Amino acid sequence: MIRLKFIIALWLSFTAISSVTGEDGYALWLRYHKIENKTIRKKYASQIKSLVILNKGEVANTAAKELSKGLSSMLDTKVESQMSLGKGSGKIIVGTVENAAITQAINKNKTGEIKNEGYAIFSLDKNIYIAATDEKGLLYGAFHFLRTVHSGADISKLNLLENPKLKVRILNHWDNMDRTIERGYAGFSIFNWHQLPDYIDPRYEDYARANASIGINATVVTNVNANYLVFRPDYMDKFAALADIFRPYGIKLYLTARFSSPIELGGLKTADPLDPAVQQWWNEKTKEIYKRIPDFGGFLVKANSEGQPGPQEYNRTHADGANMLADAVAPFGGIVMWRAFVYSNEEPVDRAKQAYNEFVPLDGKFRKNVLVQVKNGPIDFQPREPIHPLFGAMPKTPVMMEFQITKEYLGQGTHLVGLSKMYEEVLKADTYVKGKGSLVAKVIDGSLDNQELTGMAGVANIGNERNWTSNLFAQADWYAFGRLAWDPYMESKTIFQEWAGLTFDNAEVQKTAILFLENSHEWCVKYMTPLGLHHIMAANHHYGPGPWVSRMSRADWTSVYYHKADSVAVGFDRSVTGTNALEQYSPEFAAQYASADKTDLKFLLWFHHVPWNQKLSTGKTLWEEMCEEYNRGVQGVSSMVTDWNKLKGKVDEERFQQVAMHLKIQEDEAKWWRDACLSYFKTFSRQAIPAHLPQPEHDLKYYQDLNYPYSPGIRPRW
Ligand code: GCW
């Protein structure tokens, strides 16, 4: 009996340890393990004797809680927060400028202007100050300080000022109310609508905390393919319960608005945005929401796109629709994010050109509290796209970025593909609209056209799987999104160092992780869509290759529409001889891609229809280069398999295995992409795959016959 009790006690203590250390990935980058290096830990302990929080609000309270928890754990000694300043040194003093002690310190330190949500951290008179203008700044400063301590850096001479470059740093959840997630690959939605508002899953708070730790200050919890039930009172109560949990973490809740809700829920005959009864309906609904959620952020809308209802059904414009909702939220300080992801099969125009055609004429016609939300590229989150021509083309309208964090087209739940480099490539791309240096980042942060309202949205990759994101390394994409939304000029290298440092303890593991994050996007592009190929994945679920897809309800959902392979050439001619999509960019931008021989190979087949036998700058023909590229992509993945396996024993076993198993899947699937695509394109090039390269294991029909009816993340049909 005693023995049994002992065993149970032992078992309990083990499970307690494993849930505390969270080495199944649940703890994300917030592990805050005890600092192993004794010298560093002791030094910190002598520099951090007490923690003083001068503000009393709920967000400051969160900052206090985080600092106390994080520091206590890393220093292995209880660091409790107190509210009175007291005497002596060795204090971490946290407060906003309303406190005299903070203003005095700021003046003495000659800290520059701390803007909304920004913070300064500096050492002064043997104390360390975390100072801000508002409490959210304190929270972000607290997380920054924790990162610094975690990294083992010297904290005796800290002096930094961080202001967020974008105002709305927001996740977009494509989560449905039945808990499926459109394009979600990490399980079901973490939001349990059925049990809300009475059952509060502790995960909601962990979610808010993770977001706050990387500067995310907003979230849209419902799918852009929206459900009118969002506006039913019982559902509004559910959202209010979530908003209450998010608020202490500085996170505002937003909702998607289905344009036809006044008909479906309100019983009106129309959803015409100029109809007073419709406007009245939205005004009333908005009031009901604000009654429950006083700091409600506003609406995100997908309209007249992929079957979603919108103002054009009433011969009204996107601006008419957006403005109606903007007027409804304006009295409460809310905003509307109106998506520019529009294209129509009926339009005989290159899909890549349609959003620009529709939105540019509306420049200047949107209310002040409307942001036009534009995807990074003109088609749809492909492994690589040139920048969307709308960046820089609507100088009188705030334009925000939409990135996809979930990997709809980049290996979904299993492939290790670091997205930060892709985001960086887009943000640092030059639009040239106002001469050299007119970076996309400058459009987004409002500096190019003097915009006040700015933002970046990321389509969330989070689900209810234990480690949140399925592939452990996909946590790095969530992390990178948050950091880039805070500062779109940040370098991926820095982001990777931060994330790897926080996620893994062993230096060799960190180094390898950084190497993977640096290179994996490029490898993925190569094994899926090299040389500017795009949209050649399998239909509907988009899992795996499908360059042969030719019969769909609409042509612009097929692969053949995009690659245009024939016996002579392959690629989409978007130059003057083709659809001239290049005309939508500034002349300097367009000039880079005007002729095939000058075009960067990354975008060759995006902009040009190129003969299979064309000699490229590499000295190889297009066909040969395509074969090489596909193979290089596979080799990259194989190198990750080898490199990761060398780390066995250097990283905790559970996370080691998670990554190892996913890498194996990725390696097999990279080969699948290569072999399927080359087998298919070979039927056009009518040339063999060079003999020194691996040959496909199967014939084309085999690849074409593969099917995956239960592939996750598929768009629901209702
Ligand atoms: O990427 C495509 C997806 C759709 C998605 C759409 C959009 C939410 O395949 O599932 O719908 O884009 O961005 O609206």
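The values are calculated or read from the model by the stated rules, or taken from the named source; none is laboratory data. Since the structure is predicted, the reported quantities are computational estimates derived from the model, not experimental observations. Cβ atoms come from the backbone with ideal geometry, glycine included; neighbour counts cover every protein chain shown. All accessible areas refer to the heavy atoms of the entire protein, side chains included, with ligands and DNA or RNA removed. Shrake-Rupley method; radii C 1.70, N 1.55, O 1.52, S 1.80 Å.
Worth a mention:
Rundown of residues vs (1) touching a strand residue (DSSP E or B) at 6+ places or on another chain (Cβ under 6 Å); (2) outside the structural domain of residue 633 (by TED's automatic domain parsing); (3) closer than 30 Å to residue 283 by Cα, yes/no style:
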| position | (1), (2), (3) |
| --- | --- |
| 344 | no, yes, no |
| 364 | no, yes, yes |
| 389 | no, yes, no |
| 412 | no, yes, no |
| 415 | no, yes, no |
| 435 | no, yes, no |
| 444 | yes, yes, yes |
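- Some residue of segment 123-143 being within 17 Å of residue 214 (Cα to Cα) and over 26 Å from the mean Cα position of the chain (by Cα): yes
- Count of residues meeting criterion [part of a helix (DSSP H, G or I) and among the aromatic types (Phe, Trp, Tyr)] in segment 291-336: 2
- Matching entry among 81, 73, 46 (being open to solvent by 20 Å² or more (accessible area, probe 1.4 Å) and under 30 Å from the mean Cα position of the chain (by Cα)): 73
- Taken together, the residues in segment 288-315 that are under 18 Å from residue 238 (Cβ atoms) and open to solvent by 10 Å² or more (accessible area, probe 1.4 Å) amount to 6.
- Residue match in segment 526-546 (condition: open to solvent by 10 Å² or more (accessible area, probe 1.4 Å), under 18 Å from residue 350 (Cα atoms) and either at pLDDT below 95 or away from the ligand (no atom under 16 Å from the Cβ) (or both)): no
- Residue satisfying condition, being part of a helix (DSSP H, G or I) and either within 16 Å of the ligand (Cβ to nearest atom) or assigned by TED's automatic domain parsing to the domain that holds residue 347 (or both), within set 248, 273: 248
- Every residue from segment 596-624 that is out of contact with any helix residue (DSSP H, G or I) (no Cβ under 6 Å at 6 or more places or on another chain) and surrounded by fewer than 15 Cβ atoms within 10 Å (Cβ to Cβ): 597, 598, 600, 613, 615, 617, 619
- In segment 369-383, the condition of being more than 24 Å from the chain's Cα centre (by Cα), away from the ligand (no atom under 15 Å from the Cβ) and within 27 Å of residue 586 (Cβ to Cβ) is met by no residue.
- Any hit, segment 559-567, residues being β-branched (Val, Ile, Thr) and either assigned to a loop (DSSP other than H, G, I, E, B) or more than 30 Å from residue 359 (Cβ to Cβ) (or both): no
- The residue that is surrounded by the most Cβ atoms within 10 Å (Cβ to Cβ), among those in segment 634-682 that are in contact with a Phe, Trp or Tyr (Cβ under 9 Å, 6 or more places away or on another chain), more than 20 Å from residue 465 (Cα to Cα) and of a type in the set (Lys, Arg), is 674.
- Whenever a residue of segment 655-671 is outside the structural domain of residue 29 (by TED's automatic domain parsing), its partners that are modelled with pLDDT under 95, lying with C-beta atoms within less than 8 angstrom and at least six residues away or across chains, give the pairs 655/23.
- So residue 450, is it assigned to a loop (DSSP other than H, G, I, E, B), crowded, with 20+ Cβ neighbours inside 10 Å and in the same structural domain as residue 426 (by TED's automatic domain parsing): no
- Test result for residue 408, over 30 Å from residue 463 (Cβ atoms) and either surrounded by fewer than 19 Cβ atoms within 10 Å (Cβ to Cβ) or modelled with pLDDT of 95 or more (or both): no
- Filter result for residue 306 (more than 17 Å from residue 369 (Cβ to Cβ), away from the ligand (no atom under 16 Å from the Cβ) and not hydroxyl-bearing (Ser, Thr, Tyr)): no
To keep it simple, each residue is scored yes or no on (1) within 16 Å of the ligand (Cβ to nearest atom); (2) crowded, with 23+ Cβ neighbours inside 10 Å; (3) in a loop (DSSP other than H, G, I, E, B); (4) at positive phi.
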{"site": "171", "(1), (2), (3), (4)": "yes, yes, no, no"}
{"site": "185", "(1), (2), (3), (4)": "yes, yes, yes, no"}
{"site": "189", "(1), (2), (3), (4)": "yes, yes, yes, no"}
{"site": "200", "(1), (2), (3), (4)": "no, no, yes, no"}
{"site": "206", "(1), (2), (3), (4)": "no, no, no, no"}
{"site": "222", "(1), (2), (3), (4)": "yes, yes, yes, no"}
{"site": "235", "(1), (2), (3), (4)": "no, no, no, no"}
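- Test for residue 88: is it in the same structural domain as residue 30 (by TED's automatic domain parsing) and buried (at least 18 other Cβ atoms within 10 Å of the Cβ): no
- Residue match in segment 641-655 (condition: touching a Leu at 6+ places or on another chain (Cβ under 9 Å), away from the ligand (no atom under 16 Å from the Cβ) and aliphatic (A, V, I, L, M)): yes
- Taken over segment 487-500, the criterion of being open to solvent by 10 Å² or more (accessible area, probe 1.4 Å), in contact with a Lys or Arg (Cβ under 9 Å, 6 or more places away or on another chain) and part of a helix (DSSP H, G or I) is satisfied by 494, 498.
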